[in-house]
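Participant: Sharing a structure, written as structure tokens. Questions coming.
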Amino acid sequence: MNYTSGSSVTKYSSVLLVAGALVGCLMAGTGSGASVDRAALRRAPVAPCTNTQLVANSAQRMGPSQVRITVINQGPNPCVLSGFPTVALAGQGSPDRNKPLNVVRQGKVGPVQLAVGGRASTQLSFTPVLGEAGGYCASGAAPSVAPSIVVGVAGGRQQLAPDDGGDFALCGSTVRATAFRAAGS
């Protein structure tokens with residue numbers, strides 16, 4: 001019959017305890033190191049959006065003289081968008097053949113961080129054309145009518161038509177634009 005002394009069992013138990021503690025510390029160290037890396041990634045600066053990352057599908061009519069332009073980050077990385085758009089009236093052809101409008105900036109500019117698939121919007125307001133079919137401007141100027149606008153954002157231009165299939169009609173050569181903000185805010 002084999003007999004194990006109490007001191008051998010104690011030594012063996014001590015070795016197991018030390019080994020278990022070492023494994024626990026190593027695993028805890030790995031876990032905390034991984035969370036530090038994730039936290040560092042969240043704090044890493046995000047690059048400004050580029051025109052190749054952003055896409056806009058249409059100008060959503062908000063009223064007779066207002067439209068909302070929403071841009072979507074199509075990736076491949078998150079980006080930051082800030083500022084105001086440029087706006088021009090255009091026909092159906094090239095966005096290069098357009099009539100630039102004076103943009104009156106409204107609201108404060110702030111950075112909008114866009115994850116891939118994230119959206120930002122701006123609202124454009126025009127001086128409305130009055131009356132029915134022929135329309136007129138209160139100022140006496142001739143109305144401007146165009147089937148599309150060219151919106152400048154992140155160093156590029158996007159040519160857009162109203163979502164209702166109509167035309168853009170305005171008096172004068174000025175448009176009011178809000179700064180880009182997270183869509184829905």
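Participant: Which FRET efficiency value, to the nearest 0.05, is calculated for ALA138 and SER94 with the Förster distance at 45 angstrom and r the Cβ-Cβ distance? If you can, show how the numbers build up before the last one.
Facilitator: Values: r = 33 Å, r/R0 = 0.73.
Working from the Cβ atoms, E equals 0.85.
Participant: Of all alpha-carbon pairs in segment 74-173, indicate the percentage at a distance above 21 angstrom. Write out the running numbers ahead of the final one.
Facilitator: Numbers: 2144 of 4950 pairs.
So the pairs more than 21 Å apart make up 43 percent of the total in segment 74-173.
Participant: ASP163 to LYS108: FRET efficiency via 1/(1 + (r/R0)^6), r the Cβ-Cβ distance, R0 30 Å, to the nearest 0.05? Walk me through the numbers before you get to the answer.
Facilitator: Details: r = 27 Å, r/R0 = 0.92.
So, using R0 = 30 Å, E works out to roughly 0.65.
Participant: In addition: Along each principal axis of its Cα atoms, how long is segment 92-136 end to end? Whole angstroms, biggest number first, please.
Facilitator: 45, 29, 20
Each value in this text was obtained by applying a stated rule to the coordinates, not by laboratory testing. On a predicted model such as this, the values are computed, not experimentally measured, just so you know. No Cβ is skipped: glycine too gets one built from the backbone with ideal geometry, and neighbour counts run over all protein chains shown.
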